[in-house]
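The values are calculated or read from the model by the stated rules, or taken from the named source; none is laboratory data. Predicted, not measured: the structure shown is a model, and the values here were computed from it. Here the Cβ is made from the backbone with ideal geometry for all residues, glycine too, and neighbour counts use every protein chain on show. All accessible areas refer to the heavy atoms of the entire protein, side chains included, with ligands and DNA or RNA removed. Shrake-Rupley method; radii C 1.70, N 1.55, O 1.52, S 1.80 Å.
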Amino acid sequence: MTASIEDLIRENIKTLIPYSSARSEYKKANGIFLDANENPYGNYNRYPDPFQVKLKEKLAEIKNLRAGQIFLNNGSDGIVDMVYRVFCEPKKDKALTFPPTFGMYTVAAHLNNVELIKIPLNEEFQINREELDKYIADENLKVIFLCSPNNPTGNHLNREDINYILDNFKGITVIDEAYIDFNKRISYAQKLDDYPRLIVLQTLSKSWALAGARIGMALMSEALVGVFNKIKTPYNVSSIDQQTALEALENKESIQERMITILSEKNRVIEALEEFDVIEKIYPSDTNFLLVKVADGLKFYQDLLAHDIIVRNQHNVIENTVRITIGKAEENDLLLAALEKINSTN
Ligand SMILES: *Cc1c(COP(=O)(O)O)cnc(C)c1O
């Protein structure tokens, strides 16, 4: 028997009576608003739309979804925390993930006092099915976090493994697709109607170039959106951020052009990096970053820092690796010039 959504939600969340904001009670656009203790003067004096209706409609159109399948929040990292709060009873329920991966799954587990089972990815950075099978039927396992394409390894997880989890796991499967737009794969969001316990995380932070605006998305069934609406803070996306996001979405073409530039820069950087002796391996990437293995990861990282080039030291998760984000052409040139100098003094 497949667990229903109702069975998976924590009791205190099910019985929670949400805060009803002044602005969600009156639906018409014009009226004399004396209900929310706002200041009547100024440009940002009014509270934002609590359910971001316009933005969701635009996103639904772009992503080929129903607006009701979209939940928005001030960053998708905050949604990771909400997933724990909705489904995992502290000190009792568990979640599972596959490191090396995005650090927020671990931080949010600790924050919520929930045990996180970690099954390391194999040599190809893919899921170890044999290990997974030891845990997948655990009654207290409520959530599995997958990241595909994965950060920091840069690769997609195999579709067969993801499908295996979707078909066999009775809890909530979260697929973090923060980097989905940088490659040609079809989003799992297109399968939401087949999988009522699937949550797909996306963000405007990477491909849409809006990390500063903090627009994270959970794409999921209407029923799950209803639950997350209940527990969110009343005004969880500012009106400035909603407006900024709408403008970017209206300008789809220019964003797409830049994405093409980033991807061609990525190929150029890969080719150039391959020429340096210090670089031992460039892992295949479906994202806007490269995971690179070098002889001495810490030294490599510090040598670049000395040139004011900041990459992400990943030595603590994968020995002697750094993660390099693809920048503008001139930034990538400076990276390559610095490597030229570092390479020749080694
Ligand atoms: C960058 C990133 C995010 C984005 O988080 P936001 O809070 O929406 O900026 C989410 N997941 C992964 C794996 C990321 O790398």
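Some notes on this structure:
- Considering PRO99, PRO90, the condition of being closer than 26 Å to LYS170 by Cα, in contact with a strand residue (DSSP E or B) (Cβ under 6 Å, 6 or more places away or on another chain) and open to solvent by 30 Å² or more (accessible area, probe 1.4 Å) is satisfied by PRO99 alone.
- Verdict on PHE71 being away from the ligand (no atom under 16 Å from the Cβ), over 23 Å from HIS156 (Cα atoms) and either surrounded by 20 or more Cβ atoms within 10 Å (Cβ to Cβ) or under 14 Å from the mean Cα position of the chain (by Cα) (or both): no
- Cβ pairs under 7 Å, 6+ apart, first in region 108-134 and open to solvent by less than 80 Å² (accessible area, probe 1.4 Å), second of a type in the set (Lys, Arg): ASN112/ARG85; VAL114/LYS94; ILE117/LYS94
- Beta carbons closer than 7 Å, at least 6 apart along the sequence or on distinct chains, pair a first residue in region 14-41 that is modelled with pLDDT under 90 with a second that is open to solvent by 100 Å² or more (accessible area, probe 1.4 Å) for ARG23/TYR47.
- Tally of residues being closer than 20 Å to PRO18 by Cα, surrounded by 14 or more Cβ atoms within 10 Å (Cβ to Cβ), within 16 Å of the ligand (Cβ to nearest atom) and among the β-branched types (Val, Ile, Thr) across region 209-266: 1
- Applying a threshold of 8 Å to beta carbon distances and a minimum spacing of six or more residues, or different chains, the list of pairs starting in region 206-224 at a residue that is in contact (Cβ under 8 Å) with a residue 40 or more places away in the chain and ending at one that is open to solvent by 50 Å² or more (accessible area, probe 1.4 Å) and part of a helix (DSSP H, G or I) reads LYS206/ASP181; SER207/ASP181; TRP208/ASP181; ALA209/ARG258; GLY216/ASP77.
- Restricting LYS281, LYS293 to those that are open to solvent by 80 Å² or more (accessible area, probe 1.4 Å) and in a strand (DSSP E or B) reduces the list to LYS281.
- Hits in region 190-234 - residues which are out of contact with any helix residue (DSSP H, G or I) (no Cβ under 6 Å at 6 or more places or on another chain) and polar (S, T, N, Q): GLN190, GLN202, SER221, ASN229, THR233
- Any chance ALA272 is part of a loop (DSSP other than H, G, I, E, B), open to solvent by 20 Å² or more (accessible area, probe 1.4 Å) and of a type in the set (Gly, Ala, Ser): no
- Elements of type strands (runs of 3 or more DSSP E) contained in region 81-181, each with 2 or more residues being within 13 Å of the ligand (Cβ to nearest atom): 141-147, 172-176
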